[in-house]
């Protein structure tokens, strides 16, 4: 009889312990799932609310730490955004302030060139005295052009990033816009003896802002010319169907490394293969922002050799 009672008590204790183990395991799994949801909320940017912060449990402590971690991250993010805005404002203000002295430099450099030219024609100066001064003037004008381009690019970047630029889709003839961009790049291409193969349809209708989209196309063309070898070739084409219109620029130049397809659209980014080529890493960034404001996409594709850029627009005719 006593033996049976001991066996019964042992069995009851075993069953009770097993039941407690099952309950505790279920509770731990529920807590782990809640912690997983909290971590997911942090990653998704959702604000946490400490429901168990007052509880002296492991879950309560972990939840409290996660809430503190999120508050720290949000504070750091706010500081980073504030610093970024201040830097953008400083760049914009500096660029605006540079416009006037750059205009003065351009004016006085032009007057200097004109005076030297007159002196050379009238033989007021000897040729060997004038030529070095004209070379110096060339260098001044080239530096002024680079500063002018950089200043205007900074101003455009600031306007884009602060939403000051309004895209007005008032032009329907896309071919007129791309032809203007091709005309603007002609001198640079001729200097490097680069030939264009151009494939255009008879017409291409797409409502767009001619000034801004024209600048985006020009920036893509400028990138292709800049990184093409002298005597190279660039294929330019426009393809239209019922759903979209595609502007494609294919060069056979320097190209990019694997993984740089999206990097090249970052501000101030210069490709790993860039060595002596000039540039500031702004043109493609501006081009993508402008195309995005048109509701389109600008994509890069590595080629062997070279690079292919595509502007894809969903057109409302």
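The values are calculated or read from the model by the stated rules, or taken from the named source; none is laboratory data. Treat the numbers as computed from the prediction; the structure is a model and nothing was measured. For neighbour counting, all protein chains shown are included, and Cβ atoms are generated from backbone atoms with ideal geometry for every residue, glycine included.
Tell me, which residue of region 267-314 that is more than 19 Å from the chain's Cα centre (by Cα) and at pLDDT below 80 is nearest to residue 154 (Cα to Cα)? Show your work before the answer.
Here is the first cut: in region 267-314, the ones more than 19 Å from the chain's Cα centre (by Cα) are 275-277, 303-306, 314.
Subsequent filtering for residues that are at pLDDT below 80 retains 275-277.
Details: 275: 23, 276: 23, 277: 20 Å.
Among those residues, the one meeting the criterion is 277.
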Subset of region 155-178 [touching a residue at least 24 places away in the same chain (Cβ under 8 Å), under 17 Å from the mean Cα position of the chain (by Cα) and either closer than 22 Å to residue 202 by Cβ or not in a helix (DSSP H, G or I) (or both)]
162, 165
